[in-house]
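Note sheet for the following structure.
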Amino acid sequence: MACSTLGLPTTTLLNARPDWSFDGADEVDPKKSLIKGRGGAMFAEKIVMKACTENYILVDQSKFVSRLGEKFPVPVEVDPRALHLVETELEGLDATEITLRMAVGKDGPVITEAGNLILDVHFDEIPVTYERDIKAIPGVIETGLFIGFPIEVLTT
């Protein structure tokens, strides 16, 4: 809406491939790997980021961390039918805490645009393979790990 208000052209991925994107992040490590998804839209954000040739991440100094997972858990979008399977598999990846994200202002869990649930998962360490490893679990739709994406980080 802000782009439209400013007269910047907007589109959808069904109609065009965007040249660039911009978004925020919850955490940025020294290798420009990210944790995103506190807003619950990591699936859509990852599609947009992959579709664009240029990606800009806008953050303030509080978002920089020495290692991913330092301040925030990793959001994992899960098909509700696979919730317990995914929890068990995440424990096998040495998750230290797994919490179903609960809604604020309504009863029950957060439901994503696609009707899925979000688990917030803490790890003591997040190897670079975890984005792939977590997504390989049946029932996982997407993770909030953004590792190896070509991004430019801009600070305020």
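The values are calculated or read from the model by the stated rules, or taken from the named source; none is laboratory data. Remember, it's a predicted structure, so these values are computed and weren't measured experimentally. Methodologically, a virtual Cβ is constructed for each residue, glycine included, from the backbone with ideal geometry; neighbour enumeration extends over all protein chains shown.
Every listed requirement among (1) within 21 Å of Thr155 (Cβ to Cβ); (2) at pLDDT 95 or above; (3) over 15 Å from the mean Cα position of the chain (by Cα) is met by Val86 save one, (1).
The condition (being at pLDDT 95 or above, surrounded by 15 or more Cβ atoms within 10 Å (Cβ to Cβ) and either among the polar types (S, T, N, Q) or in contact with a Pro (Cβ under 8 Å, 6 or more places away or on another chain) (or both)) is satisfied by just one residue among Thr129, Thr143, Thr112: Thr143.
Could you check region 84-108 and list, in sequence order, the residues that are of a type in the set (A, V, I, L, M) and either in contact (Cβ under 8 Å) with a residue 12 or more places away in the chain or closer than 23 Å to Ile47 by Cα (or both)? Once the filter is applied, which keeps residues that are of a type in the set (A, V, I, L, M) and either in contact (Cβ under 8 Å) with a residue 12 or more places away in the chain or closer than 23 Å to Ile47 by Cα (or both), region 84-108 yields Leu85, Val86, Leu90, Leu93, Ala95, Ile98, Leu100.
Kindly indicate the residue of region 33-78 that is touching a helix residue (DSSP H, G or I) at 6+ places or on another chain (Cβ under 8 Å) and assigned to a loop (DSSP other than H, G, I, E, B) and also surrounded by the fewest Cβ atoms within 10 Å (Cβ to Cβ) among those meeting that condition.
Initially, region 33-78 is screened for residues touching a helix residue (DSSP H, G or I) at 6+ places or on another chain (Cβ under 8 Å), giving 36-37, 55, 74-78.
Imposing the further condition that a residue be assigned to a loop (DSSP other than H, G, I, E, B) reduces the set to 36-37.
On the way: Lys36: 24, Gly37: 28.
Per the criteria, the residue is Lys36.
Sort out for me the strands (runs of 3 or more DSSP E) sitting completely within region 109-156 that have 2 or more residues that are over 12 Å from the mean Cα position of the chain (by Cα) and in contact (Cβ under 8 Å) with a residue 24 or more places away in the chain. Steps first, answer last, please.
Numbers: elements: 117-123, 140-143, 152-155.
So the answer is 117-123, 152-155.
Quick one: would you say Pro18 is surrounded by 15 or more Cβ atoms within 10 Å (Cβ to Cβ), touching a residue at least 12 places away in the same chain (Cβ under 8 Å) and either in contact with a strand residue (DSSP E or B) (Cβ under 6 Å, 6 or more places away or on another chain) or in a strand (DSSP E or B) (or both)? Judged against the criteria, Pro18 is not a match.
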